[in-house]
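Worksheet: the structure to be examined is printed underneath.
The values are calculated or read from the model by the stated rules, or taken from the named source; none is laboratory data. Predicted, not measured: the structure shown is a model, and the values here were computed from it. Ideal geometry is used to build each Cβ from the backbone, glycine not excepted, and the neighbour counts take in all protein chains shown.
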Amino acid sequence: MKAKFSNFLMILCALLAFAPILTVDFMLDEYVRMRESKSLRAQVSSIINETQGSVNKALASLNAIVTRSPSLCTPTFLQGAAQQMRANYLLRQLVVNSPDGNVLCSAYGDDFKYSSITPTMTMPSGPQEMTIVRIEDSEQPLIKVSIKVRPGREVSAFVPINVHLLVEENNSIRGALMTRYALTTGLAIVEFGDPEAYYNHPRRTSDFLYVEQVAQNVPIKLSAAVPMDVVRADYADLKIGFTIVACLTSCVFLWLCIQYVRRSQAPTFDLERAIQAGELRPRYQPVIDLQTGQIAGCEVLIRWEKPNGEIISPGAFIEYAELSGLAIPMTLSLMEQVRDDLEDLCARHSHLKIGINLFERHFRDGSIVEDVQAIFGGTEVRYSQLVFEITERQPLSNMEGVNSIIDDLHELGAKVALDDAGTGHSNLAYIQKLGIDIVKIDRVFVELIRHRNVPVPVVDALIGMANELQTEIIAEGVETEEQALYLRAKGIRQAQGFLFAPALPIESYLALAERMNNEEVKLIDDFDDDLVVFDDDADDDVDAARDTNVA
């Protein structure tokens, strides 16, 4: 993966910063759709309920007339029909029909003619029948509901379909509203506006508000569709407010991103170039033998030394290197520099060990063994002087492949150390299965040691685990003499930390290693006195390195 991955992340952050502005229209549309759909649904429901109520009242009137006067078309019947017409303003006419549709008598006027525009349908609530009709000299259809009184005779009531009510209640969108009354079979009864503009629209779901409702006891449904552009126009002021809030949110988010980048100083944009240019340089932190005071080896750490003199600590780029896959070429470059830096020293001091950190990706890549042979084979750096450290903080997948690589490293003569021991989830069986040679106690546990004579159970437990596995132990992060004395008393021979030296440039490490391993070092067996005394020159080298070290 390219180092430009970080550039991509920064571009992504910038896009995210402007996301609120880019989504204003979407958020406003969703808000308008939710609010206006609710309003339109309420109005459609009100009208369909009114239609339902009109039909129910018409049926009640028919039953009342027939109950009062079973004889049809008598003066008593017609008088009752007229009373029902006066009592129910929704009734347009009451008639007695023959099976062929001829009007035998009516409550209002003798010359009442109509024609059916839909087939006759049985109503869901009972044996009553319903037909949509149109009376002579009128364009507005009526609902005709009928009950059979006896064979060959039926009494019918006529009530209007009030489609216009929907438009009257939406004056602001009168010209844009489209409505359709239809039977539940889909047959259109009456249409207002241009419903086909909705039904034939390719994006009607997104470009329109649409509501449909079916009457409970009448086989009629009412649908209404409104273009989103029309209803959205009423929210122009709200859009301005949304845009202002979105701009402010974007500015704040972008400012936070910029501040984060500045504070983190994450120099990931040209890591690949830096590896190729050799700007990633090794630093060497001495590992001290607590019994002899000599240097037993070192752990190879890494710093990014920029051409302008800026030194960047690994915390700023290691995680990126792992995620991007650059950890592998970075490690190869580091091993080549280690070989060149330490070859002469290793030839003179064959006991010195070199700790090199490996990453989880090395065990997935599988080429680390061949890389070690290619870099260190045939040089003065013996395989037996190499210690490859794997961290417990990162779980290793494909244990079969991991064990195979560790076995191959062992066959070369190298050792394998478990770094950050105690910080993960490993146990005795897991460590034993890996074939670990060295357990490194993490500094978080060493920091718990306050006095040489006060037990620290967690440290003692880690030491006990390592002893049970018969592995070597190295304590990391030793910063006080009390910690060093406690560890030495527990039988730990090797330690590293700022008490002895920070991660040193190659020149300082070589000078310190030669001096401490060639000259007699004074050790004090009495724990009441100092642990180790460097000579003055060694102290000067370490102090100078401390002053320039980047943590």
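Only one of these is at pLDDT below 85, of a type in the set (Asp, Glu) and within 30 Å of ARG232 (Cβ to Cβ): ASP110, ASP29. Name it.
Answer to the check: ASP29.
Within the bounds of region 144-155, is there any residue that is outside any strand (DSSP E or B), closer than 21 Å to THR67 by Cα, touching a residue at least 12 places away in the same chain (Cβ under 8 Å) and not aromatic (Phe, Trp, Tyr)?
yes
Could you list all residues from region 190-234 that are over 19 Å from ILE132 (Cβ atoms), in a helix (DSSP H, G or I) and over 38 Å from the mean Cα position of the chain (by Cα)?
GLU196, ALA197
Where the second residue is in a helix (DSSP H, G or I) and surrounded by 17 or more Cβ atoms within 10 Å (Cβ to Cβ) and the first is free of Cβ contacts under 8 Å to residues at least 40 places away in the same chain and lies in region 489-512, which pairs have Cβ atoms under 7 Å and are six or more apart or on separate chains?
Sorted first by the residue in region 489-512, then by its partner, the pairs are LYS490/ILE463; LEU499/ALA484; SER508/ASP541; SER508/ALA545; ALA511/ASP541.
Let me confirm something: among TYR486, TYR430, which residue is of a type in the set (Phe, Trp, Tyr) and under 21 Å from GLY293 (Cα atoms)?
The conditions single out TYR486.
Could you please tell me which pairs satisfy a Cβ distance under 6 Å, a separation of 6+ or placement on different chains, a first residue in region 41-70 that is outside any helix (DSSP H, G or I), and a second residue that is surrounded by 14 or more Cβ atoms within 10 Å (Cβ to Cβ) and not hydrophobic (A, V, I, L, M, F, W, C)?
From residues that are outside any helix (DSSP H, G or I), the pairs are SER69/GLY80.
I'd like to know if region 296-305 contains one or more residues that are in a helix (DSSP H, G or I), closer than 22 Å to ASP340 by Cα and touching a strand residue (DSSP E or B) at 6+ places or on another chain (Cβ under 6 Å).
no
Can you say whether ALA513 is buried (at least 20 other Cβ atoms within 10 Å of the Cβ), in contact with a strand residue (DSSP E or B) (Cβ under 8 Å, 6 or more places away or on another chain) and modelled with pLDDT under 95, as far as the supplied structure shows?
It is true that ALA513 is buried (at least 20 other Cβ atoms within 10 Å of the Cβ), in contact with a strand residue (DSSP E or B) (Cβ under 8 Å, 6 or more places away or on another chain) and modelled with pLDDT under 95.
Determine which member of the set MET130, MET178 is surrounded by 14 or more Cβ atoms within 10 Å (Cβ to Cβ), in contact with a strand residue (DSSP E or B) (Cβ under 8 Å, 6 or more places away or on another chain) and modelled with pLDDT under 80.
Exactly one residue qualifies, and that residue is MET178.
Within region 277-294, identify whether any single residue is buried (at least 21 other Cβ atoms within 10 Å of the Cβ), free of Cβ contacts under 8 Å to residues at least 60 places away in the same chain and within 39 Å of the chain's Cα centre (by Cα), and answer yes or no.
yes
Here are some conditions: (1) of a type in the set (A, V, I, L, M, F, W, C); (2) at pLDDT 95 or above; (3) within 24 Å of GLY477 (Cβ to Cβ). ILE375 meets all but one. Which one does it not meet?
It is condition (3) that ILE375 fails.
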